[in-house]
Amino acid sequence: MESLKIIAGDATDPQAKGPKIIAHVCNDLGGWGKGFVLAISRRWTEPERAYRRWHRARAENDFALGAVQLVQVRPDIWVANMVAQRGIKTGSGGPPIRYEAVERCLHTVADQALAHHASVHMPRIGCGLAGGRWERIEPIISKTLCARGVPTTVYAPPAATA
């Protein structure tokens, strides 16, 4: 069992040696333009291009809630585009985050991390535009990643780590 590390910093600049996976939540509409994805796109262009291609070809692939696309951006870094958000707006069905999709995605990320001997790095996934609550997300991270021995770091704004 690995403990979850929460530190101040930028999840697009993971603080670890060896292979790393940066995990983040995407919506199921093919939209990429607000939130953490902007930080990813400032650093690398391929995750956005791959996500948009994946969405456009969704009739022929696995694009759906709970699916993960791993995009290699450096020899030792992959970005995990995790589809865990239904739409982009809060409505009568509540916030866009889908906790069961987060759990399915993180199981896949854990499998990939173990296969690549990688650590996992992320912002407070699902808690920004997706409208999720950290007290629901953190136990999912612990169960899917930490309990399987995957070193996991969450990067939060300095005030949130105090």
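Observations on the model:
- Flag if Thr90 is over 22 Å from Ala39 (Cβ atoms) and crowded, with 21+ Cβ neighbours inside 10 Å: no
- Residue within the stretch 140-160 that is under 24 Å from Gln15 (Cβ atoms), free of Cβ contacts under 8 Å to residues at least 24 places away in the same chain and more than 15 Å from the chain's Cα centre (by Cα) present: yes
- Qualifying position, being closer than 20 Å to Ala130 by Cβ, touching a His at 6+ places or on another chain (Cβ under 9 Å) and of a type outside the set (Val, Ile, Thr), among Ala67, Ala23, Ala101: Ala23
- Here is the figure for the stretch 140-157: residues that are in contact with a helix residue (DSSP H, G or I) (Cβ under 8 Å, 6 or more places away or on another chain) and of a type outside the set (A, V, I, L, M, F, W, C) total 5.
- Screening the candidates Val73, Val68 for the property of being crowded, with 20+ Cβ neighbours inside 10 Å, without any contact (Cβ under 8 Å) to a residue 60 or more places away in the chain and not acidic (Asp, Glu) yields one hit, Val68.
- Residue check, Glu103 more than 12 Å from the chain's Cα centre (by Cα), farther than 17 Å from Thr12 by Cβ and surrounded by fewer than 22 Cβ atoms within 10 Å (Cβ to Cβ): no
- Residues located in the stretch 1-19, provided they are assigned to a loop (DSSP other than H, G, I, E, B) and surrounded by 14 or more Cβ atoms within 10 Å (Cβ to Cβ): Glu2, Gly9, Ala11, Thr12, Pro14, Gln15, Ala16, Pro19
- Scope the stretch 20-65; condition open to solvent by less than 50 Å² (accessible area, probe 1.4 Å), of a type in the set (D, E, K, R) and assigned to a loop (DSSP other than H, G, I, E, B); matching residues: Asp28
- The stretch 107-131 residues that are of a type in the set (D, E, K, R) and modelled with pLDDT of 95 or more, paired with ones that are in a helix (DSSP H, G or I) and open to solvent by 60 Å² or more (accessible area, probe 1.4 Å) (beta carbon under 9 Å, 6 or more apart): Asp111/Arg148; Arg124/Glu138
- The residues on offer are Ala156, Ala130, Ala115, and the sole one that is of a type in the set (Gly, Ala, Ser), crowded, with 17+ Cβ neighbours inside 10 Å and closer than 20 Å to Ala16 by Cβ is Ala156.
- Among (1) modelled with pLDDT of 95 or more; (2) over 20 Å from Thr108 (Cβ atoms); (3) in contact with a Leu (Cβ under 7 Å, 6 or more places away or on another chain), the one test that Asp28 misses: (2)
The values are calculated or read from the model by the stated rules, or taken from the named source; none is laboratory data. What you are looking at is a predicted structure, and each value in this text was computed from that prediction instead of being measured. FYI the Cβ positions are ideal-geometry reconstructions off the backbone, even for glycines, and counts take in every protein chain you see. Surface accessibility is based on the protein's heavy atoms, side chains included, excluding ligands, DNA and RNA. Shrake-Rupley method; radii C 1.70, N 1.55, O 1.52, S 1.80 Å.
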